[in-house]
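Okay, structure first, notes after.
The values are calculated or read from the model by the stated rules, or taken from the named source; none is laboratory data. Predicted, not measured: the structure shown is a model, and the values here were computed from it. Cβ sites come from the backbone with ideal geometry, for glycine too, and all protein chains shown count toward neighbours. Just so you know, the surface numbers come from the protein's heavy atoms only, side chains and all, with ligands and any DNA or RNA stripped out. Shrake-Rupley method; radii C 1.70, N 1.55, O 1.52, S 1.80 Å.
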Amino acid sequence: MTIAELHKIPLQAVPKDVFSLSGEAFVDAWATAFNLSADELNDEERQNLVKAIRNGTNRLKIIDALRAISSDGGEKPVDYEAQVLRRTPDQYAIIESFTRFAPDNNVAFLRYTFDKICGRDPTEKERLTMEFDLRRNVTTREDIVKRVVSIARRDGQISLWDTLEQPVTQHSGNKPVDPSSARTLPAGLSYDIDGNQTLIFVREVPGEGWMIGPDLLHQPVNVVDGGWSVSPGWLITGPKRSLEAGTWMVRLDLVQDPAARIAVQVSANSGLDTLQELIIAGSFVGSLCVNIRNEHRFVELRLKILETPDTTPWIKLRDVSMIRSKQGLENS
């Protein structure tokens, strides 16, 4: 796609490959998309933005800067709805997304990778070592991303990597693909008595309370009348982990006021792909079918409280789980 064609497309539909352009082409592409004249973006400002990209500045910030220069820059963008559950930026690295950043600039790639995964710039020693290895072709960008994920985990952060390529179990010489075990979370997946892979999000234990998955974000559990007192907004989200390809059944068993509504969504690739979504009114028990493919990474189940009656919002979650279907295993 040429820059001349770019301005004809709504900004929300700008192709993803624009982010793989060189610094100069990237700035020119977005300047054209915002219809910036030579007076609005002079050569000096353009070169400053290109230099910022080469120094590792997030390209989304470059877009914001160009938007501010445009005549429409004064319009306030629509903000997202306030919600009860807030989460820190995800530190999940899909290999291909990182390795394609700044293909002609290893320093910018390293700074971007450390910023997104570790939340900081690389130290001087880390930058020099990794840049030297990349320049001599003794390592690859894929291995660098895995190393940075390992550094983040060493620093006490929850960080994972994954790839869109077909999964492999081992390299030649029986060397493990991921010696740091940074591709999967250590807990959350179990097997039932029939040998089916099972993810338990929330399950009520009669007379005891609730089991809640270890990789789940949820509203505070305030027990009222044998259920949870809840607020509008996200109720639970998780586990944001990669699952084996095949057909999975989402089992839901919940009790709520007939006037209450709760949204259910299954997403992948950090929320970019929606695999299943629906809205439940009142109480419900049943299963949803979700087809998970190899390119679906970091799968997440989200429950969101949409509407509640005027009385104290209340819900009783008796079972929220995902089970891999044996029929899906045979047909996959």
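The number of residues in the stretch 205-230 being in contact (Cβ under 8 Å) with a residue 40 or more places away in the chain and open to solvent by 50 Å² or more (accessible area, probe 1.4 Å) comes to 5. Identify the residue in the stretch 37-67 that is hydrophobic (A, V, I, L, M, F, W, C) and open to solvent by 30 Å² or more (accessible area, probe 1.4 Å) and, among all such residues, is nearest to the chain's Cα centre (by Cα). That would be LEU60.
Where strands (runs of 3 or more DSSP E) fall wholly inside the stretch 215-332, the ranges with 1 or more residues that are polar (S, T, N, Q) and in contact with a strand residue (DSSP E or B) (Cβ under 8 Å, 6 or more places away or on another chain) are 227-229, 233-241, 246-256, 261-268, 273-281, 284-292, 314-324.
TYR112 passes every criterion in (1) more than 13 Å from ASN55 (Cβ to Cβ); (2) among the hydroxyl-bearing types (Ser, Thr, Tyr); (3) in contact (Cβ under 8 Å) with a residue 40 or more places away in the chain apart from (1).
Each row is one residue, and each column tells you yes or no for (1) open to solvent by less than 70 Å² (accessible area, probe 1.4 Å); (2) more than 23 Å from GLY195 (Cα to Cα).
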{"site": "GLY233", "(1), (2)": "yes, yes"}
{"site": "LEU254", "(1), (2)": "yes, yes"}
{"site": "ALA263", "(1), (2)": "yes, yes"}
{"site": "PHE284", "(1), (2)": "yes, yes"}
{"site": "ILE292", "(1), (2)": "yes, no"}
{"site": "ARG302", "(1), (2)": "yes, yes"}
{"site": "THR312", "(1), (2)": "no, yes"}
{"site": "SER321", "(1), (2)": "yes, no"}
{"site": "ARG324", "(1), (2)": "yes, no"}
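Note on the stretch 265-282: residues that are open to solvent by 20 Å² or more (accessible area, probe 1.4 Å), touching a residue at least 24 places away in the same chain (Cβ under 8 Å) and among the β-branched types (Val, Ile, Thr) amount to 1.
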